[in-house]
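So the structure is just underneath, and the comments pick up after that.
What follows draws every value from the coordinates through simple rules; no lab data is involved. Please read all numbers here as calculations on a predicted model, not as lab measurements. All Cβ positions, even for glycine, are placed from backbone atoms using ideal geometry, and neighbour counts span all protein chains on display.
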Amino acid sequence: MSAAKDVDAYLAALPKNQRAALEKLRKTIRVAAPKAEEVISYGIPAFWYQGYGIVWYAAWKNHCSLYPISGAITRELKGYDTAKGTIRFAVGEPLPAALVKKLVKARIAENQKKVKKVKKVKKVKKVKK
């Protein structure tokens, strides 16, 4: 598959079954992060919020994947096909919506900590001048 210019083009290029699985995942992510921006990042669909990536997702030959995985929910991933930062799932066996929403919210919380830390550092630098 050639590099897609946007998420709709990425999904349109997929076989019907993969497209349906990822569209369902996309809707679930959108519900959990309604203010997030959809982009193509690293050649695959992603959701960004406040300048940081929340999650990426993709279709591969034998599975679909959701990246990155928050360390905050690793215990809940037992029984899933995981690798460092990835959950792989079969097209016909989508991830439960509740799990996806929890992951997205955990990633947003992690990113908000980064934003606060950056703001705090900027504030300290301003005061030192």
Gain on full stretching of the segment that runs from Lys102 to Gln50 - 0.36 nm per residue minus C-alpha separation: 16.9 nm
Residues whose placed amide H lies under 5 Å from that of Val91, excluding near-sequence neighbours: Cys64
Those residues of the stretch 52-78 whose amide nitrogen sits under 16 Å from the label point placed on Ala90, 7 Å along Cα→Cβ: 60-65
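Rounded to the nearest 20 debye, what is the charge dipole size of the stretch 7-128 about its Cα centre when +1 sits on each Lys and Arg Cβ and -1 on each Asp and Glu Cβ?
1120 debye
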Choice from Thr82, Thr74, Thr28 with maximal GNM fluctuation in the chain (Cα, 10 Å cutoff): Thr74
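Compute the relative contact order of the stretch 7-128 as a whole-number percentage, counting only Cα pairs closer than 8 Å that sit 6 or more residues apart in sequence.
Computed over the stretch 7-128, the figure is 23 percent.
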Within the chain, helix-based [θ] at 222 nm, where runs of 4 or more DSSP H residues each add -39,500 (n - 2.57), nearest 500: -14500 deg cm²/dmol
The chain: angle of helix 16-32 to the longest principal axis, Cα-based, in degrees nearest 10: 30 degrees
Net charge contributed by nearby residues that have their C-beta within less than 13 Å of Ile73 (K/R +1, D/E -1): +4
Globularity ratio of the chain, using Cα Rg and 2.2 N^0.38 Å: 1.17
Residue pairs, from the table Lys61/Lys84; Lys78/Lys114; Lys35/Lys84; Lys5/Lys27; Lys16/Lys61, whose Cα atoms sit over 25 Å apart: Lys78/Lys114; Lys35/Lys84
